[in-house]
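Trainee: My structure is below; once you've seen it, I'll send some questions.
Just so you know, all these numbers are worked out from the coordinates, no wet-lab data involved. Keep in mind the model is a prediction, meaning the values are calculated, not measured. All Cβ positions, even for glycine, are placed from backbone atoms using ideal geometry, and neighbour counts span all protein chains on display.
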Amino acid sequence: MIDIHSHILPGLDDGSKSIEETLGIVRQLQGTGFKTILATPHVLEGTDFLSPAEILTATADVCQAVAEAGISVEILPGAENYIFPDMGKWVRAGKLLTLGNTGKYILVELPMLEIPHYTDQVFFELQVEGLTPVLAHPERYKGLFQEPERLIDWAKKGILFQLDLRSLSGRYGPQPKQLAERMLSSDLIHFVGSDAHRVSRSDSVDREALQCVRQTIGEKRFREVTETNPQRILEGKIVPSGGEYLLKEPEIKKRKHRFWEWFRG
């Protein structure tokens, strides 16, 4: 499996603070089943701006440390880019890093409490520049709890969505969990990510979330969101999107019943 969202580069943002912590996170994600991890530190416009060169250097250092530690996990570069009005111009200037540094897909983060009025324009301008926006953890934005129909509009325009696995455990509260379940049931999730910032207290939390994803969307779609679609990112290929969507209610009771049957087995 491929994790397209993590904060494992030490000392660059609010994620890992040391290479030792990074190795702990990588080992834990490997135990969950991830063979490739994209390092996506927060990138914000302003004085704390993190350049592509800095991210690439830090990623190379982590790759070396992971190899020296004997951990068979591939580490690739990326960034979680906080939305701002001039993103399109920054892309043209080569100032924003894409997922896997392939120049095709860009991970975008929104403010947690509201959807900026310029969001649709930025998405359009990124697409004009030849990039496909991947929206990080849409289930966690308050503005989308209030207007979930915007997800349908964006999906029809080719915007892709990445689920934070731990939203399914209720870590971020009941509303993100509910919206995550609705999006999964509606085939509105294209990728998953750990969004790991540090070593988890439990080795099982991500495995349980992945099993929840599998039980909700089935084996074929599970492989698409954990393997096939992220591999398309890394190869610069098209991830199928667009078309007609309907935001469904999740089959919560049915899914939980299947989950506990699996757990007992």
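Trainee: Return the total of residues in segment 1-54 being in a loop (DSSP other than H, G, I, E, B) and over 14 Å from Thr226 (Cβ atoms).
Mentor: Qualifying residue count, segment 1-54: 22.
Trainee: Restricting the first residue to segment 124-140 and requiring it to be at positive phi, which pairs with a second residue that is assigned to a loop (DSSP other than H, G, I, E, B) meet a Cβ separation below 9 Å and a spacing of at least six or different chains?
Mentor: Sorted first by the residue in segment 124-140, then by its partner, the pairs are Gly130/Gly103; Gly130/Lys104; His137/His5; His137/Tyr172; His137/Asp195.
Trainee: Could you grab me the full set of residues in segment 121-139 that are of a type in the set (Gly, Ala, Ser) and surrounded by 22 or more Cβ atoms within 10 Å (Cβ to Cβ)?
Mentor: Ala136
Trainee: From the list Ala65, Ala60, which residue is touching a residue at least 40 places away in the same chain (Cβ under 8 Å) and either over 30 Å from Thr119 (Cα atoms) or aromatic (Phe, Trp, Tyr) (or both)?
Mentor: One residue alone meets the criteria, Ala65.
Trainee: Another question, then. List pairs: first residue in segment 6-35 and more than 21 Å from Ala209 (Cβ to Cβ), second residue of a type in the set (S, T, N, Q) and not in a helix (DSSP H, G or I) anywhere in the structure, Cβ distance under 6 angstrom, at least six positions apart or on different chains.
Mentor: So the pair list comes out as Pro10/Ser16; Pro10/Ser18; Thr22/Ser16.
Trainee: Considering only residues that are in a helix (DSSP H, G or I) and of a type in the set (S, T, N, Q), look in segment 192-224 and name the one that is surrounded by the most Cβ atoms within 10 Å (Cβ to Cβ).
Mentor: Thr216
Trainee: So which of Glu80, Glu45 is of a type in the set (Asp, Glu) and either loosely packed, with under 15 Cβ neighbours inside 10 Å or more than 15 Å from the chain's Cα centre (by Cα) (or both)?
Mentor: Glu45
Trainee: Now, a different point. Just wondering, is there one or more residues in segment 60-71 that are on the phi < 0 side of the Ramachandran plot, surrounded by fewer than 21 Cβ atoms within 10 Å (Cβ to Cβ) and assigned to a loop (DSSP other than H, G, I, E, B)?
Mentor: yes
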